Structures are given as structure tokens and as C-alpha cells.
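Notes for the one structure printed next.
No lab work stands behind these numbers, since they all come straight from the coordinates. Here the structure is a predicted model, which means the values were calculated and not measured. Counting neighbours? That spans all protein chains shown, and the Cβs are built from the backbone with ideal geometry, glycine included.
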Amino acid sequence: DIVMTQAPLSVSVTPGESASISCRSSKSLLHSNGITYVYWYLQKPGKSPQLLIYRMSNLASGVPDRFSGSGSETDFTLKISRVEAEDVGIYYCGQLLENPLTFGSGTKLEIK
Amino acid sequence: QVQLQQSGAELAKPGSSVKISCKASGYTFTSYYISWIKQTTGQGLEYIGYINTGSGGTNYNEKFKGKATLTVDKSSSTAFMQLSSLTPDDSAVYYCARDYPGITRFAYWGQGTLVTVSS
């Protein structure tokens, strides 16, 4: 199975500042079709996960453009610009390249 | 709007089975697969598998073969997951999520069903 490793475990951010979350895969997530199959999800407290970024860098519908995704074949970054209080929760990266789909262990974002 | 409504929390005894439902609305049910994901504090998110809601075909994570059985009832736009031979390790929140086709996989999730296995 592909292992997804996230860092840091938690991050505390002052509102208005930026935050970055890293994710590394144990295998390239770049498909021969040129698409990189890493997704990012946010689970707000007490809620179900919600899709933020699909295929490494595409913003899901309704997600503020303060969120962005980037990376290479195995190293990925979720950046949140101008963090707001509503951004608190646990962020997960996931690889949707091959079964079994696997997810990172999550990064908890807190507000200072 | 797209909604996935899951059944309520379950308290089950070791060795028994439970069947969780996920009722879809707001879209054509058979146009999208439904996937199931397990969430525990210790293991995070674990992918169980998906069901093709049109054909009933399934694909399971090897880890959950023999543990989870996915079915659908097209007449009621409902997907089901049965968990058998329950142990305390099966205690978790289980989510259904809308899947293939389309590139925004898991854009819609159910609210989760808590399963507690205890004697």
C-alpha cells in the first residue's frame, strides 16, 4: 500500500498569516496520463471531511482561493493564505491513484 | 442539493453484525459509485471499498474483505454496508461518500455512523 506521511502533526497560526502542510507519498502519484492523484480534505470539528483540492492543485467548488495545492510526484504542499478562524480542523492528504486508497494521518490546524 | 443521509449509531456485541445505510438524494443515484471509509482515532481514515450503484459490482480493500459487504437498493437510492463478526477493533465512525465517475472524488460525504462494539 502507498504510505502517505504528513507533517507537521499540528500547526498553530495567527489569523491573517499563512500556513503550509506537507505530505509525502511512498510512491509516485503521477499517472501516465499526466495527472497527479493527490487530494486534500479538511475535517472541521464534529463534521465529515470535505474536499479542498483534487488532483494536486485544483480547487474544489466553493473552496476559498486562499487554499492552494502544489507538489511534485511524491512531495506535496497545501498552503493556506490569510488563515481564518473557520479554517480550524484536521487536514488530510490522500492518494487516489491506486487501491487501496490511503490517507495521511492528518495535521491539526489551530488558531493562536 | 446532493445529500447522503446515513443511519444512526449502532451498539453491537462482539461476534454480531450490523448493517449501515446511506441514502442518496439530489442526484441520479446510479450515476455515481459509493465508497465507504472508516475513521478511528488511532488509524485515521481507512478506505474500505466502493460499490458501482448501477451494476452492484464491488471493489474492496483487501483488509476489509470478509469484514465488509457492500450492497445497494436502487429503488430507494440507498447503499448499505454490512460489517460482520464484529470485534472491538471495528468500533469506529463509518462514512459513505460519493465516488466515481468524475474527478472530484469524495466531494460529498454522509454525516457518519458511529459503531460501538462492546459486550
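Evaluating B:G110 against the criteria (1) more than 20 Å from A:L97 (Cβ to Cβ); (2) more than 9 Å from chain A (Cβ to nearest Cβ); (3) in contact with a Leu (Cβ under 8 Å, 6 or more places away or on another chain) leaves one unmet condition, (2).
Just one residue in the set B:T78, B:T28, B:T69 is more than 14 Å from chain A (Cβ to nearest Cβ) and either in contact (Cβ under 8 Å) with a residue 40 or more places away in the chain or of a type in the set (D, E, K, R) (or both); that residue is B:T78.
Every condition in (1) touching a residue at least 40 places away in the same chain (Cβ under 8 Å); (2) over 21 Å from B:G44 (Cβ atoms) holds for A:I2 except the one numbered (2). Taking the criterion of being within 13 Å of another protein chain (Cβ to nearest Cβ) and hydrophobic (A, V, I, L, M, F, W, C), the residues of region A:34-89 that qualify are A:I35, A:V38, A:W40, A:L42, A:L51, A:L52, A:I53, A:M56, A:L59, A:A60, A:V63. Inspection of region A:16-28 identifies no residue that is over 12 Å from the mean Cα position of the chain (by Cα) and β-branched (V, I, T).
Of A:T107, A:T74, all but one fail to be in contact with a Pro (Cβ under 8 Å, 6 or more places away or on another chain), of a type in the set (S, T, Y) and closer than 14 Å to A:C23 by Cβ; the exception is A:T107. Of all the residues in region A:20-36, those that are surrounded by fewer than 21 Cβ atoms within 10 Å (Cβ to Cβ) and in a loop (DSSP other than H, G, I, E, B) number 8.
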